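Novice: Let me begin by handing over the structure; questions about it come next.
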Amino acid sequence: MELTNNISHKKALVIGELLADIISEENIPSLASPSSFKINQGGSAANFCCNLKWLGINADLVATVGDDNLGVFLTNELKTAGVSDQYLLRTAQHQTTIVLVGKNTETPDFIAYRSADAYITPIEDQLIESADLLHTTAFSLSLAPAQKNILIAFSKANQLNKQVSIDWNFAPSIWGEDDGKAVFEQICKLNPLLKISVDDLERFTGKSLSIEESMEWLNQLSIELICLTCGKDGVWYKTKNQQWQHQPALPVAAVTGVTGAGDAFWSGFIAGYLQDQPIENCIDYALETARKKIEKPQPLYK
């Protein structure tokens with residue numbers, strides 16, 4: 001999918017999780033249901049980076065995997081997507097992280113078995129300086145030492161007047177006893193581009209919120225941009241000091257699963273953003289990229 005006739009010379013640096021998604025081959029109500037499963041390259045951060053490359057954007061991924069055959073599989077998948085493994089650390093001390101996913105047409109059921117993804121090392125200053133935008137996820141920020149090293153990198157980027165982006169895909173099962181609020185506040189001080197779903201916000205606040213209540217809660221944030229994704233109800237979005245606007249979801253020919261649709265949406269948005277497109281155009285690209293992902297059982301780059 002070609003976004004515009006303009007070629008972006010801007011670069012995205014994605015720091016976060018690369019892991020193996022073990023996904024049910026059929027839609028199932030939950031992981032309590034029997035199913036056959038298939039191994040896929042996964043991780044919101046890695047999916048986002050691969051999608052950016054597919055959309056023609058210069059992007060690098062900083063991540064950590066185990067020095068095992070799942071790590072080899074994921075490295076090869078990255079290369080297939082056109083993403084360099086130059087900044088991929090392989091550690092013999094920790095196994096490659098896996099997430100078991102029961103896909104369905106609503107919110108996928110999942111269990112994460114965490115290990116190597118949490119061991120992202122300090123990011124080199126030169127790598128931060130060479131990027132125009134840094135991106136990460138709530139998943140990536142949920143464990144140390146990755147949390148500390150990502151926050152340091154984001155703070156340095158902010159000091160260099162570079163834009164930061166966060167997909168706040170919050171899940172209590174990932175964060176454990178940490179409610180994530182201190183990290184979220186620290187990220188918001190850096191004036192990010194924020195992508196959050198209604199489900200994410202409900203899990204983060206511990207409250208059942210309507211779309212209207214979600215927007216009211218998000219109004220307390222004074223940040224560059226907020227996209228509140230609402231599944232089949234489309235997206236509500238606002239820039240700083242502006243009113244909320246809505247775009248409906250695009251019709252899909254067939255729903256093969258919604259796993260990865262949020263990553264696809266945000267990669268489309270950021271691809272437009274890095275081409276200096278108006279926010280409305282970025283939203284259009286985001287919705288179109290999400291539609292393609294929902295219709296396609298394979299990664300976008302295949």
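Novice: Out of Ser173, Ser155, Ser165, Ser197, report the one residue that is hydroxyl-bearing (Ser, Thr, Tyr), in contact with a helix residue (DSSP H, G or I) (Cβ under 8 Å, 6 or more places away or on another chain) and over 24 Å from Gln275 (Cβ atoms). Show your work before the answer.
Specialist: Values: Ser173 fails: in contact with a helix residue (DSSP H, G or I) (Cβ under 8 Å, 6 or more places away or on another chain); Ser155 fails: in contact with a helix residue (DSSP H, G or I) (Cβ under 8 Å, 6 or more places away or on another chain); Ser165 fails: over 24 Å from Gln275 (Cβ atoms).
Just one listed residue meets the conditions, Ser197.
Novice: Any residue in the range 97-108 that is over 17 Å from the mean Cα position of the chain (by Cα), among the charged types (D, E, K, R) and either surrounded by fewer than 22 Cβ atoms within 10 Å (Cβ to Cβ) or assigned to a strand (DSSP E or B) (or both)? Before you say what the answer is, go through the steps one by one.
Specialist: We begin by selecting, within the range 97-108, every residue over 17 Å from the mean Cα position of the chain (by Cα); these are 100, 102-106.
Restricting the remaining residues to those that are among the charged types (D, E, K, R) gives 103, 106.
Restricting the remaining residues to those that are either surrounded by fewer than 22 Cβ atoms within 10 Å (Cβ to Cβ) or assigned to a strand (DSSP E or B) (or both) gives 106.
Looking for residues that are over 17 Å from the mean Cα position of the chain (by Cα), among the charged types (D, E, K, R) and either surrounded by fewer than 22 Cβ atoms within 10 Å (Cβ to Cβ) or assigned to a strand (DSSP E or B) (or both), one finds at least one in the range 97-108, hence yes.
Novice: Taking the options Asp67, Asp117, name whichever one is touching a strand residue (DSSP E or B) at 6+ places or on another chain (Cβ under 7 Å), crowded, with 18+ Cβ neighbours inside 10 Å and on the phi < 0 side of the Ramachandran plot. Please lay out each step first, then the result.
Specialist: On the way: Asp67 fails: crowded, with 18+ Cβ neighbours inside 10 Å.
On inspection, the qualifying residue turns out to be Asp117.
Novice: Only one of these is surrounded by 15 or more Cβ atoms within 10 Å (Cβ to Cβ) and part of a loop (DSSP other than H, G, I, E, B): Gln242, Gln277. Name it.
Specialist: Numbers: Gln242 fails: surrounded by 15 or more Cβ atoms within 10 Å (Cβ to Cβ).
Answer to the selection: Gln277.
Novice: Taking the condition part of a loop (DSSP other than H, G, I, E, B) and surrounded by fewer than 16 Cβ atoms within 10 Å (Cβ to Cβ), does Gln93 pass? Spell out the reasoning first.
Specialist: Working: part of a loop (DSSP other than H, G, I, E, B): yes; surrounded by fewer than 16 Cβ atoms within 10 Å (Cβ to Cβ): yes.
Judged against the criteria, Gln93 is a match.
Novice: Scan the range 17-34 and tell me whether some residue there is crowded, with 22+ Cβ neighbours inside 10 Å, modelled with pLDDT under 95 and not acidic (Asp, Glu). Step through it out loud before you land on a result.
Specialist: Step one: list which residues in the range 17-34 are crowded, with 22+ Cβ neighbours inside 10 Å, which gives 17-21, 23-24.
Remaining after also requiring modelled with pLDDT under 95: 21, 23-24.
Retained after the next criterion (residues that are not acidic (Asp, Glu)): 23-24.
The answer is yes, given that some residue of the range 17-34 is crowded, with 22+ Cβ neighbours inside 10 Å, modelled with pLDDT under 95 and not acidic (Asp, Glu).
Novice: For the range 70-89: of the residues being surrounded by 19 or more Cβ atoms within 10 Å (Cβ to Cβ) and small (Gly, Ala, Ser), which is modelled with the highest pLDDT?
Specialist: By that ranking, first place goes to Gly71.
Novice: What's the number of the only condition in (1) touching a residue at least 12 places away in the same chain (Cβ under 8 Å); (2) exposed (fewer than 14 other Cβ atoms within 10 Å of the Cβ); (3) in a loop (DSSP other than H, G, I, E, B) that Ser173 fails to meet?
Specialist: With (1) touching a residue at least 12 places away in the same chain (Cβ under 8 Å); (2) exposed (fewer than 14 other Cβ atoms within 10 Å of the Cβ); (3) in a loop (DSSP other than H, G, I, E, B) applied to Ser173, the lone miss is (3).
Novice: Let me ask something else. Conditions: (1) touching a helix residue (DSSP H, G or I) at 6+ places or on another chain (Cβ under 9 Å); (2) modelled with pLDDT of 95 or more; (3) surrounded by 15 or more Cβ atoms within 10 Å (Cβ to Cβ); (4) of a type outside the set (D, E, K, R). Pro248 meets all but one. Number of the miss?
Specialist: (3)
Novice: If the Cβ limit is 6 Å and pairs must be 6+ apart or interchain, which residue in the range 269-285 that is touching a residue at least 12 places away in the same chain (Cβ under 8 Å) pairs with which residue that is of a type in the set (S, T, N, Q) and not in a helix (DSSP H, G or I)?
Specialist: Going by the 6 Å Cβ cut-off, the qualifying pairs are Leu274/Ser8; Gln275/Thr4; Gln275/Asn6; Gln275/Ser8; Ile283/Gln247.
Novice: Looking only at residues in the range 205-228 that are outside any loop (DSSP other than H, G, I, E, B) and touching a strand residue (DSSP E or B) at 6+ places or on another chain (Cβ under 8 Å), which one is surrounded by the fewest Cβ atoms within 10 Å (Cβ to Cβ)?
Specialist: Filtering first and then ranking leaves Ile211.
Novice: Quick one: would you say Cys188 is buried (at least 16 other Cβ atoms within 10 Å of the Cβ), free of Cβ contacts under 8 Å to residues at least 40 places away in the same chain and out of contact with any helix residue (DSSP H, G or I) (no Cβ under 8 Å at 6 or more places or on another chain)? If you could, list the steps in order and put the result at the bottom.
Specialist: Numbers: buried (at least 16 other Cβ atoms within 10 Å of the Cβ): yes; free of Cβ contacts under 8 Å to residues at least 40 places away in the same chain: yes; out of contact with any helix residue (DSSP H, G or I) (no Cβ under 8 Å at 6 or more places or on another chain): yes.
Answer is yes for this residue.
Novice: Within the range 54-73, take every residue that is assigned to a helix (DSSP H, G or I) and over 17 Å from the mean Cα position of the chain (by Cα) and give me the one that is nearest to Gln147 (Cα to Cα). Outline the logic, then answer.
Specialist: Taking the range 54-73 and keeping what is assigned to a helix (DSSP H, G or I), we get 54, 69-73.
With over 17 Å from the mean Cα position of the chain (by Cα) added as a condition, the list becomes 69-73.
Numbers: Asn69: 26, Leu70: 23, Gly71: 21, Val72: 24, Phe73: 25 Å.
Only one residue tops the list, namely Gly71.
The values are calculated or read from the model by the stated rules, or taken from the named source; none is laboratory data. What you see is a predicted model, and the numbers here were worked out from it, not measured in a lab. We place every Cβ from the backbone using ideal geometry, glycine too, and count neighbours over all the protein chains shown.
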